[in-house]
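Values in this text are rule-based calculations from the coordinates and carry no lab data. These numbers were taken from a predicted model, which means no experiment stands behind them. Methodologically, a virtual Cβ is constructed for each residue, glycine included, from the backbone with ideal geometry; neighbour enumeration extends over all protein chains shown.
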Amino acid sequence: MTSEEIQAIFFVECEESLVAAEAGLAACKDGTQDADTVNAIFRAVHSIKGGAGAFGYTALQAYTHTFETLLSDVRDGILAVSEPLVDVLLRALDTLTDHVASARDNSTPPEDAGLIAEMTAAQTGDGAASAAEPVAEVATAPAQPETAAASSDLDFDLDSMLDSIVGDFDAAEPAAPAPSPSWKVHIRPHAGAMGNGGEPLLLLREVEALGGECVACETSSVPLLDELNPQQGYLGWTFLMPGSVDQAAVQDIYDFVGDDCDLAFGADATIPAVRLSVAAPPAPVAVAQLAAAASVSLTPVRPTAAAPANDEAAKPAAGQPQVQSIRIDLPKLDRLIDSVGELVIAQAMMAQRLASEGIAASEELALLDGLTRDIQESAMSIRAQPIGSVFSRVPRILRELASSTGKQVKLELIGEATELDKTVIERLGEPLTHLIRNAVDHGIETVQERLAAGKPAEGTLVLAAEHRSGRILIRITDDGRGIDRERVFAKAVEKGLVAADAQMSKEDIDALIFAPGFSTAASITSVSGRGVGMDVVRQNVKELGGRITIESEHGKGTSFTLTLPLTLAISDGMIVNVGDQTLIVPLTHVVESLRPKPGDIQGLGTNQQLLNVRGKFIPVLPVYQAIGAARSLANAEAGVLIVVDTEVAGQAALLVDDICDQRQFVIKSLDTHYRAVEGIAGATILGDGQVALILDVDGLVAGALAHPDRKAA
Amino acid sequence: MNKTTRILTVDDSASMRALLLHALTSSGFEVAQADDGVAALEWLALNEVDVVITDINMPRLDGFGLIERLRAGDRHQDRPILVLTTESSDEKKQRARNAGATGWIVKPFDPEKLATAVRRVTH
């Protein structure tokens, strides 16, 4: 495993920690302030700090150090959880998120002096008023505190000792420097040095390895053999150390054993006195020592009364099925998904071949069919992740919006556990962010407006995700002012997007906000950007094979619904025949299919036909014309109409000869194998090995309706 | 010829586990890993090790709890246990020692120093 790979794990872990901290702080804000919650937040930040140190991200480490110190006081109950404190912690978390991002991208760390000052102030319990002084103190030396802290950490570490070993060897071998006078150290390990898996002999050897020479062993305290307790320390040693070795190096070795070994430095010093444990003759020394220490706060060591309780505390946890995970490189997973896609096709091909040989009803084929489906579902589920990972970023966006717009928004999340494909999740973040910013900036009114309209001062934003018939629906609903259609229309006319006398339905006007270059904000705000947002949103969603629809009621609010595929790799489609072509209509667009009755289709002008669907007229688009296939139908009534939903042009009815099947297909890009073709989204291989083109319904309908005369050609 | 020193590392952070695994195996140790104290206890119930290296802050059962329980049991009572921690206050060290830790390593660690710390309690 390379260090890059380990770092990649670290950043994944950071994301997890940030999400955990965010969840914990959200719980704190809602009043859940128990030890577990606070501990989880602490652990999250602590874990980032640990990794940051290990990988040398000093800015991140310095920042997390301050953050962690504050959290540690909260955890230890020194600081009470209060609303202002949670607020500081939340903002500190936002900056931490930026710090992590900057460490990952190797970019300039975010400005954090202000927050560090606030955290320091919060820790000392100072109000905002007296925060000024710590500000100066911290801000002048933002990077210093941690360096200082780190080096003081190291004082007690093995590190400096080892440095001196290395230094010693380095110095001694190549060119002996002017020898400093050698010095003496007396070492007296007591009984405790042998407890807890410690072994004084190893430490003595280490002193020897430093270059020490044992010059005396103090044996006067050794009792007669029948009085000797092997668990006691009776011996003392005196070592002569070379002058090149630092006294601290020896101290560091014995830092390990603490008070259980006395050291005395210098030739004049006398060897520390032997210290025999009085009350603990043959009893195991470690236990006696521990029992004494346990009186502070620890549970008794021997499995006495408290131990079973301990057992029980740990058992339910141990009994729980452990969530075990394994990290896999995404490309490997994608290869698997690709192969599974091919397997699905191969299976279908074989089924078709067997059917043509008249042996399709074999049991083995049914078994293979079932297995293939299982494998496909399992493979898909590997890539599936809960949408909560995207939703978890939303609180931060709302906080930032609250501070920049002054609008308070309450967030409600529904269906966070809904799972969908990782790629979809990753690419969902941006459009979702845009929609949320848009909802707060344009949708939700200011507090005064809301109160005047008889609404609660705090706006509500609902994010809901659910599975519905093989698709995922994500709904972003605000309780704001709704779309002001008059203004939208006026704006669109002003921008030259529509004619001033155009007759447009409510839906059509709503859809205008997705037009490129459209923006209704009277002033361009930094929040919603420059009117490219909604256009980009629709484009992003479309690239994911999804659609976006709007429902809005003036004064009540707006709801955007994103309909997305569960996966990008395999789609459902309707296989249709048009002339001599076999085509696939992606099921995502299909609303219904019908065989028109006489009178359902009415002419409009010379070359336009409209279908009457329960009183609503939608344009009929003969697919053979659009793709240039041979005309096979005498008239529209002889074919089948597939009503499709499109982004740009509303509904349309595709006229095809007949529908032969509905099945899953793996999209193969035409661009990579041939070239981009207008109206065609890609190609796939059918069960019989034939290549079928997949219709780009949006492009096809938009193109045909934009140039109706082309159809006549 | 000594047999290979077998180490159990206990840390809830995947990147820290990866670092430890890399550092310790490069130094020629045999390494097993556990996600937290509970997982470590489960593993130790069935396996033998020469050294345990444990983090302090972990979910379910933290490092102090793990050490206490190992010292309270019979099988690993005398096993060297090193505490790997970012917290280096004397108070924390005292607490670790009281719990029964043999020694500690402060994060961030250098692979060679880590190996030396392990050798300090084995061989």
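Summary table below
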read-out: Residue match in region A:404-411 (condition: surrounded by fewer than 18 Cβ atoms within 10 Å (Cβ to Cβ) and under 24 Å from the mean Cα position of the chain (by Cα)); value: yes
read-out: Members of region A:259-274 that are closer than 22 Å to B:R95 by Cβ and either acidic (D, E) or free of Cβ contacts under 8 Å to residues at least 60 places away in the same chain (or both); value: A:D259, A:D260, A:D262
read-out: Some residue of region A:648-668 being under 24 Å from A:L587 (Cα atoms) and assigned to a helix (DSSP H, G or I); value: no
read-out: Test: residue in region A:18-26 that is more than 14 Å from every other protein chain (Cβ to nearest Cβ) and among the acidic types (D, E); value: yes
read-out: Selection within region A:578-617 - outside any loop (DSSP other than H, G, I, E, B) and under 43 Å from the mean Cα position of the chain (by Cα); value: A:T582, A:L583, A:I584, A:V585, A:P586, A:V590, A:V591, A:E592, A:S593
read-out: Unmet criterion (only one of (1) exposed (fewer than 13 other Cβ atoms within 10 Å of the Cβ); (2) within 14 Å of chain B (Cβ to nearest Cβ)) for A:G195; value: (1)
read-out: Entirely in region B:9-123, the helices (runs of 4 or more DSSP H) that have 2 or more residues that are closer than 30 Å to A:A209 by Cα and more than 7 Å from chain A (Cβ to nearest Cβ); value: B:14-26, B:90-99, B:111-121
read-out: Sole exception among (1) part of a helix (DSSP H, G or I); (2) within 14 Å of chain B (Cβ to nearest Cβ); (3) over 17 Å from A:F11 (Cβ atoms) for A:V100, by number; value: (3)
read-out: Residue list for region A:198-217, filter: surrounded by fewer than 19 Cβ atoms within 10 Å (Cβ to Cβ) and over 24 Å from B:Q77 (Cβ atoms); value: A:E208, A:A209, A:E213, A:C214, A:V215, A:A216, A:C217
read-out: Matching residues in region A:60-111 - criterion: being among the basic types (K, R) and farther than 21 Å from A:C28 by Cβ; value: A:R104
read-out: Residues being crowded, with 22+ Cβ neighbours inside 10 Å and farther than 20 Å from A:G341 by Cβ - total across region A:572-595; value: 3
